[in-house]
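See below for the structure under consideration.
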Amino acid sequence: MISETQRSAALADAQHKAAALFERIGQSLIRPGLTELQLTREIAELGRREFGLEQNWHKRVVRAGPNTLQPYDENPPDLMIVEDDILFLDLGPVFEAWEADFGRTFVLGSDPYKLKLRDDVAAAFAAAKKYFQDHPRITGSELYAYTQHLAAQAGWEFGGPHSPAI
């Protein structure tokens, strides 16, 4: 039996390892000229080689360009990563039996619109996480409304077929 303190520490450790994995992905793997599937395979190899990863608790999602707008369950056509592209990665690596769930947006090039989107997504995630922690009785609908507010505040339209307005 594992204590709640041990469980919490193990999950935090898995999340830190996932952050390190994403750092390595950003440093060495993301580049134009690969397809999403090729990058997915390179991520799996890097995970095995440097982090001992043998399994994920959900499929690896690597989406570039227009595919970044596709919901999780979709399997859109394999796109080539190009110069000045935007990518979204959603990984669920399992470290020593502890699951992490991590997503990040990457931008190739210097397109100010894409860089703003990347930065705004990260800021909105942090703000929504804090809001969730500060409101322990919040409902899913309330958190969703708050994330819509954050998007609008940053000048973005929030939503898509996987996240319709409630």
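Per-structure values
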quantity: Long-range neighbours under 8 Å by Cβ, at least six apart or interchain, first residue in a helix (DSSP H, G or I) within the range 143-163, second of a type in the set (Phe, Trp, Tyr) and at pLDDT 90 or above; calculated: 143/131; 143/132; 146/131
quantity: Whichever residue in the range 114-131 is over 14 Å from the mean Cα position of the chain (by Cα) and within 17 Å of residue 69 (Cβ to Cβ) and, among such residues, is surrounded by the fewest Cβ atoms within 10 Å (Cβ to Cβ); calculated: 116
quantity: Checking residue 90 against (1) crowded, with 16+ Cβ neighbours inside 10 Å; (2) in the same structural domain as residue 30 (by TED's automatic domain parsing), the condition it does not meet; calculated: (1)
quantity: The range 60-81, subset in contact with a helix residue (DSSP H, G or I) (Cβ under 6 Å, 6 or more places away or on another chain) and of a type outside the set (Asp, Glu), residue modelled with the lowest pLDDT; calculated: 60
quantity: When residues of the range 53-71 are limited to those that are under 13 Å from residue 18 (Cβ atoms) and over 13 Å from the mean Cα position of the chain (by Cα), the one surrounded by the most Cβ atoms within 10 Å (Cβ to Cβ); calculated: 53
quantity: Matching entry among 151, 165, 128 (being modelled with pLDDT of 95 or more and either more than 24 Å from residue 73 (Cβ to Cβ) or outside the structural domain of residue 84 (by TED's automatic domain parsing) (or both)); calculated: 128
quantity: Whichever residue in the range 100-113 is surrounded by fewer than 17 Cβ atoms within 10 Å (Cβ to Cβ) and within 25 Å of residue 53 (Cβ to Cβ) and, among such residues, is nearest to the chain's Cα centre (by Cα); calculated: 103
quantity: Residue 134 surrounded by 15 or more Cβ atoms within 10 Å (Cβ to Cβ) and either of a type in the set (Asp, Glu) or without any contact (Cβ under 8 Å) to a residue 12 or more places away in the chain (or both); calculated: no
quantity: Single residue of 43, 25 found to be under 19 Å from residue 121 (Cβ atoms) and crowded, with 17+ Cβ neighbours inside 10 Å; calculated: 25
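The values are calculated or read from the model by the stated rules, or taken from the named source; none is laboratory data. Computed from a predicted structure; not experimentally measured. We place every Cβ from the backbone using ideal geometry, glycine too, and count neighbours over all the protein chains shown.
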